[in-house]
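Chemist: Starting off with a structure, shown below.
The values are calculated or read from the model by the stated rules, or taken from the named source; none is laboratory data. Every value quoted in this text rests on a predicted model; they were computed, and no experiment measured them. All Cβ positions, glycine included, derive from the backbone under ideal geometry; neighbour counts span all protein chains shown.
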Amino acid sequence: MRPHLPLCSLLVCLTAPVMPVQATTGCARDAMLVMDGSSSMDEKGFAPRTLTRIVEARQAMQQALPEIAPVRRVGLLIYGPGGSEGCDGISLKFRPVPDAAAPVLSEINKVQPGGMTPLTASVEEAAVVLGTDGIIVLVTDGNETCGGRPCELGADLAATSRLTVHVIGFRVSHDPFSWNSPEVSEHTEGTVAKCLSERTGGMYVDTNTVDELADALRETLGCLVIGMRTKPKHVER
């Protein structure tokens with residue numbers, strides 16, 4: 001004897017409503033977060049009771065990373081502190097890994113700001129880690145100060161890879177007379193690091209608060225919602 005069909009028959013199952021779900025795109029690409037840990041990240045703003053940039057950056061990471069890490073593999077590189085000279089403090093903490101929120105936050109919490117801003121060399125090292133495809137998100141509070149040429153690097157990356165560089169300026173302090181940033185005259189406002197995003201098809205996001213920085217991290221590292229699952233058509237048998 002053939003067994004009875006389950007209570008949920010084929011007809012009933014096919015006509016039952018399906019709960020909407022979010023689908024995502026873009027998360028297949030690994031990402032490297034390149035974080036500014038230079039001495040200027042230890043500076044406060046002019047408003048009363050303003051926290052240092054590094055403290056506010058930690059708060060923004062705590063908001064955003066737990067939402068991002070479950071859907072994208074993220075690695076971390078920090079520049080600024082730890083070098084024997086002002087410009088060689090570039091530290092690759094780890095390559096892209098799943099569920100990276102805890103290790104990213106752990107490393108960011110350890111940062112004692114110091115050194116200068118070798119942002120071009122740092123992005124170049126992150127590019128080597130990712131190879132020919134992926135996303136680099138650079139967080140910086142100012143200009144290149146170690147002689148690097150971000151505009152030149154951006155053009156090279158665009159010509160030789162599918163890497164996308166997003167740049168988040170956080171409480172950017174612009175110095176138009178920066179003594180060791182050869183390309184600084186190309187951008188009279190903000191940071192010359194904009195070149196990296198402009199030339200690789202990425203975004204530049206200017207932020208001044210914890211919430212703005214957290215939103216920028218979500219926008220650049222997160223995934224786009226592309227739709228909802230629809231109900232199937234009624235099936236007659």
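Chemist: Just need a number here: residues in the range 130-160 that are among the hydrophobic types (A, V, I, L, M, F, W, C) and over 15 Å from the mean Cα position of the chain (by Cα).
Modeler: Residues that pass the stated criteria total 7.
Chemist: Could you give every pair whose Cβ atoms fall below 6 Å, whose first residue belongs to the range 122-150 and is under 19 Å from ARG171 (Cα atoms) and outside any helix (DSSP H, G or I), and whose second residue is polar (S, T, N, Q) and at pLDDT 95 or above, counting only separations of at least 6 or pairs across chains?
Modeler: VAL137/THR220; GLU144/THR120
Chemist: Now for a different question. Of the residues that sit in the range 89-112 and are part of a loop (DSSP other than H, G, I, E, B) and touching a helix residue (DSSP H, G or I) at 6+ places or on another chain (Cβ under 9 Å), which one is farthest from ALA214 (Cα to Cα)?
Modeler: Kept after step one, since they are part of a loop (DSSP other than H, G, I, E, B), are these residues of the range 89-112: 89, 98-100, 111-112.
When the remaining residues are screened for being touching a helix residue (DSSP H, G or I) at 6+ places or on another chain (Cβ under 9 Å), the result is 100, 111-112.
Details: ALA100: 16, VAL111: 18, GLN112: 21 Å.
By that ranking, first place goes to GLN112.
Chemist: Next question. Out of curiosity, is PHE177 closer than 27 Å to SER39 by Cβ and at pLDDT below 60?
Modeler: Criteria met by PHE177.
Chemist: So in the range 124-160, with the set limited to residues that are small (Gly, Ala, Ser) and over 13 Å from VAL192 (Cβ atoms), which one is surrounded by the fewest Cβ atoms within 10 Å (Cβ to Cβ)? Before you say what the answer is, go through the steps one by one.
Modeler: Step one: filter the range 124-160 for residues small (Gly, Ala, Ser), giving 126-127, 131, 134, 142, 147-148, 154-155, 158-159.
Then drop every residue that is not over 13 Å from VAL192 (Cβ atoms), which leaves 126-127, 131, 134, 155, 158-159.
On the way: ALA126: 27, ALA127: 22, GLY131: 11, GLY134: 22, ALA155: 16, ALA158: 17, ALA159: 8.
In this case the residue turns out to be ALA159.
Chemist: From the residues in the range 80-98 that are under 19 Å from GLY134 (Cα atoms) and aliphatic (A, V, I, L, M), which one is surrounded by the fewest Cβ atoms within 10 Å (Cβ to Cβ)?
Modeler: VAL97
Chemist: Kindly provide the set of residues from the range 206-237 that are in contact with a Gly (Cβ under 7 Å, 6 or more places away or on another chain) and either at pLDDT 85 or above or part of a loop (DSSP other than H, G, I, E, B) (or both), ordered by number.
Modeler: ASP206, THR207, CYS223, listed by residue number.
Chemist: Any idea which of PRO81, PRO113 is touching a Gly at 6+ places or on another chain (Cβ under 7 Å) and at pLDDT 95 or above?
Modeler: After ruling out the rest, the residue left standing is PRO113.
Chemist: Six or more apart or on different chains, Cβ atoms under 7 Å: show the pairs whose first residue is in the range 56-78 and over 23 Å from SER122 (Cα atoms) and whose second is assigned to a loop (DSSP other than H, G, I, E, B) and among the acidic types (Asp, Glu).
Modeler: Close Cβ pairs satisfying both conditions: PRO70/ASP99.
Chemist: Quick test of your reading of the structure: ASP99 fulfils all but one of (1) under 17 Å from the mean Cα position of the chain (by Cα); (2) on the phi < 0 side of the Ramachandran plot. Name the failing condition by number.
Modeler: Just one mismatch for ASP99, condition (2).
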